[in-house]
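The values are calculated or read from the model by the stated rules, or taken from the named source; none is laboratory data. Remember, it's a predicted structure, so these values are computed and weren't measured experimentally. Virtual Cβ from ideal backbone geometry, glycine too; neighbours counted across all protein chains shown.
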Amino acid sequence: MKNNLGFLTLMIFVSFIIYSCNNSNNNKSADNNSSQNEKKSKLSVVDYTGEKLVITDKIMYDVQICNEIIGDRSKNSPDWFWENLATPDGDEFVKGLLDDAVSGKLKTYYYDMTSDYESFDEIAPENLQAYMDSVMTYEFEVIDSTVKRYKTNKVQIQLTYQNVKKLRFLEEWFIADGVFHKKVIAVAPYFLIEYPGFETINTVYFWIMINED
């Protein structure tokens, strides 16, 4: 009994130390960010206002939202929630998400594979249309070998919500009031581009800010 009590006391003490360190680091990070170039800004999100124990201030991972193994992707299928957003609600959500990003209703940020995501580059409203036009139309060359002299044809694929098979999330995880929380910082549509005779291309072009103060 004494050993259990001692272990519990130790765990509470360690948790307090971790929380204190995280809180101190967050304050330092906020001071540093305020002095950065205006073009690079910390994404603003609705935050928990009480005390919290931060598990990680950022974690990135992909979530499959279109499970084509399931024959019926509606809620009529008993397995509809297995790595899948049920149709038609899921399709409508992704379509609306893309429409709001392309139109500028939701803020969008450049996607950078090498970034540490301590700061983000917003796609300026005056550049948004040109950028979306360039990334939402995928163009590549196909060689026609059926003719004596090989002919190269350009193929364009217009990307839509139907090309989004996954969503990439950037989140903060923390514990508050004894409850585990996931705070979404940003979400990115994960496009799958398929063409007969070619390998499937997986790509992410931009982050979308969903929760704003």
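Below is a table of values for the structure above.
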| read-out | value |
| --- | --- |
| Selection within the range 122-134 - without any contact (Cβ under 8 Å) to a residue 40 or more places away in the chain and not in a helix (DSSP H, G or I) | ALA124 |
| Residue within the range 157-172 that is exposed (fewer than 11 other Cβ atoms within 10 Å of the Cβ), closer than 30 Å to ILE55 by Cα and touching a residue at least 12 places away in the same chain (Cβ under 8 Å) present | no |
| Some residue of the range 143-166 being closer than 22 Å to MET60 by Cα and over 19 Å from the mean Cα position of the chain (by Cα) | no |
| Residue list for the range 181-201, filter: in a strand (DSSP E or B) and closer than 30 Å to GLN156 by Cβ | ALA186, VAL187, ALA188, PRO189, TYR190, PHE191, LEU192, ILE193, ILE201 |
| Answer from ASP121, ASP91 - the residue that is touching a Lys or Arg at 6+ places or on another chain (Cβ under 7 Å) and not hydrophobic (A, V, I, L, M, F, W, C) | ASP121 |
| From the options TYR109, TYR190, residue that is at pLDDT 95 or above, under 30 Å from LEU53 (Cβ atoms), within 12 Å of the chain's Cα centre (by Cα) and surrounded by 13 or more Cβ atoms within 10 Å (Cβ to Cβ) | TYR109 |
| Some residue of the range 103-117 being touching a residue at least 60 places away in the same chain (Cβ under 8 Å) and among the charged types (D, E, K, R) | yes |
